[in-house]
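The next block holds one structure in the form of structure tokens; read it before the comments.
The values are calculated or read from the model by the stated rules, or taken from the named source; none is laboratory data. Keep in mind it's a predicted model, so treat the numbers as computed, not measured. In this analysis, Cβ positions are derived from the backbone assuming ideal geometry, glycine residues included, and neighbour counts consider all displayed protein chains. With ligands, DNA and RNA removed, areas are computed over all heavy atoms of the protein, side chains included. Shrake-Rupley method; radii C 1.70, N 1.55, O 1.52, S 1.80 Å.
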Amino acid sequence: MARKALAAPALVVLAAALAASTAVGAPPCSRKNCKEEIRACGAAAGCESMSGGAGNQCAKQCVQQVLVACEGDNRFCTPPFCGNGVVDPGESCEPPGSPGCSATCTSPCGPPPPGEITLACLEQPFTEVGVGAGGTGYLAAWTRLDAGAPSTIEGLRLDRGLAPVDAAPITLSFSDPSEPFSAYGPHVSGDPTGWYVGFFGAAQDAPVYAVLGDRVDASGAVSGAHTIASALSFGMCTSTVSGSLGVAAEATRQFAVLWAAPFGCFNGPIFYPHGVTRVSFGPGGPVLSGLATLDPVTLPQPAQASALGAGIASGAGETVGVTATAFADWSSGSPVVVDQAIIAHWLPPTTGPATIRLSSIRSTSDRGLAVAFGDTSVLVAWPEVPVGGTSDTEIHTLRFTHAGGPLDPDGGLVLATGTPIASSPLVAFDGTTWLVAWLAQPVPGAYDVVGVAVRPDGTIVDATPRVLAAGVTNTSPSLTGGARWLLGVVRAPSMGLLAVDVVPIAWATLSR
């Protein structure tokens, strides 16, 4: 993260140059949201060649800096009657921002694939999606970009039958007018009375980063805006914050938020210790309680340090964070990895050991882990590099409990192998079975969300992964449980458009 933050000044110069190069001689209303410049910035910065969180952060920096550079460019064409409920000349759809219509009323996304529900049609180069089940239904959230303004998190509520509750998207994020933040990466978790939304914030005019959050109640009212952690990053050696990496509902109106505090030096190692903050909502507003660092970097030998990706889950009155941790010997001057493991960190208050080693692993990955409670045990899933391989093409999973530790052999159960993995895995429990899902790349340039169901006794239901959503974009999906699983994905129905879709998945569908 330190390396990414230090790259921001170069991106500012690059973005400004790109905006200036296209502003001269272009016909009026020829572009929307500076898509061409954002794509060019990403290509020049090499965002596509970066993996996992590094690629996402590079793309976000390009978007932020290009939109600032384009702020003075007024060539954004919006039909004068957009929003009046009538498809006027020059428009293709109404109302703006509805599931099938873009914000300018000029670009309908069209119908989704059978079985899917489109929640938003966006004219922008990228977005992210988060979904969470609550007592009143579901909340889906995504990142919205507007030229010349900070990006925001917006979303829609769905009832238990997946019918939209809101006529138009509601804004879920907040920004201090004196220090406007662009919001990215929503994570959503629900309790019996509403939802919690955690997200990442980047300041418009300074290298300030923050982990932010607020509450959405059953009526759709957004309240309790707060900052979980923030940092100002500058210089050759710096520290910052990243996240949220996950949100877990511990009890009614109480949530645990997982985030990271990366630190390091340019051209040096970067470390990713993880923190968890408990957020409780009472009559007086949110109360934040820091639960200390899960995995501090430790010395002397061997040094202990975790990868950026991590997971968090709550159930049965307990909360656990899971990390992929490497142990390295620095006695020779350069680190030599001597061990790598999946570690469970049990949050207070708790009885029993604070940490449990769950499994050995071959390599750590910034694609992250996923974890979810079942009825009697917990399931963790993670990506692995196969023996002799160079990239993540395997998904492993393992069941465990606090009292008994790992329930499966060291290394876990292998759910899939052979196809490149393009996202962190996801895990959700529907009351009877876990679903493990992830973004796979079956051929270059093509992406499918695939999944494997796992029973509480460790039985792997699917011999090969099932395709849950084919032909999606290279955007990490989102998954939540409840009476059924709900998958959130992003599609590109045509050039310059993105559709935010949700896919209901029932156990009956997977048990055919």
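Miscellaneous remarks
- Within region 279-306, restricting attention to residues that are in contact (Cβ under 8 Å) with a residue 60 or more places away in the chain and crowded, with 18+ Cβ neighbours inside 10 Å, the residue that is farthest from Phe199 (Cα to Cα) is Phe281.
Matching residues to (1) assigned to a strand (DSSP E or B); (2) under 24 Å from Asp375 (Cα atoms); (3) modelled with pLDDT of 95 or more; (4) out of contact with any strand residue (DSSP E or B) (no Cβ under 7 Å at 6 or more places or on another chain):
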| residue | (1), (2), (3), (4) |
| --- | --- |
| Gly235 | no, no, no, yes |
| Val247 | yes, yes, yes, no |
| Asn267 | no, no, no, yes |
| Ser280 | yes, no, yes, no |
| Ile312 | yes, yes, yes, no |
| Gly321 | yes, yes, yes, no |
| Ala326 | yes, no, no, no |
| Gly333 | no, no, no, yes |
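- Ala168 in contact (Cβ under 8 Å) with a residue 12 or more places away in the chain, of a type in the set (Gly, Ala, Ser) and touching a strand residue (DSSP E or B) at 6+ places or on another chain (Cβ under 6 Å): no
- Any chance Ala168 is under 19 Å from Val490 (Cα atoms), surrounded by fewer than 24 Cβ atoms within 10 Å (Cβ to Cβ), modelled with pLDDT under 95 and over 15 Å from the mean Cα position of the chain (by Cα): yes
- Filter result (more than 20 Å from the chain's Cα centre (by Cα) and among the β-branched types (Val, Ile, Thr)) within region 118-137: Thr136
- Here Asp366 meets each of (1) open to solvent by 60 Å² or more (accessible area, probe 1.4 Å); (2) at pLDDT below 90 with one exception, condition (1).
- Condition check for Val449: of a type outside the set (D, E, K, R), within 25 Å of Pro164 (Cα to Cα), under 16 Å from the mean Cα position of the chain (by Cα) and not in a helix (DSSP H, G or I): yes
- Residue identified as closer than 28 Å to Tyr209 by Cβ, assigned to a strand (DSSP E or B), open to solvent by less than 40 Å² (accessible area, probe 1.4 Å) and in contact with a Phe, Trp or Tyr (Cβ under 9 Å, 6 or more places away or on another chain) among Ala140, Ala147, Ala120: Ala120
- Every residue from region 232-256 that is open to solvent by less than 20 Å² (accessible area, probe 1.4 Å) and over 15 Å from Ala183 (Cβ atoms): Ser233, Thr238, Thr240, Gly246, Ala248, Phe255, Ala256
- Filter pass, Gly220 being over 20 Å from the mean Cα position of the chain (by Cα) and in contact (Cβ under 8 Å) with a residue 12 or more places away in the chain: yes
- Candidate set from region 372-415 (those that are of a type in the set (Ser, Thr, Tyr) and closer than 21 Å to Gln441 by Cα); member that is most open to solvent (accessible area, probe 1.4 Å): Thr390
- Answer residue from region 336-363, given it is over 20 Å from Arg399 (Cβ atoms) and among the hydroxyl-bearing types (Ser, Thr, Tyr) and is most open to solvent (accessible area, probe 1.4 Å) among those: Thr351
- Residue list for region 435-487, restricted to those being open to solvent by less than 10 Å² (accessible area, probe 1.4 Å), aliphatic (A, V, I, L, M) and farther than 23 Å from Ala499 by Cβ: Val436, Val452, Ala453, Val454
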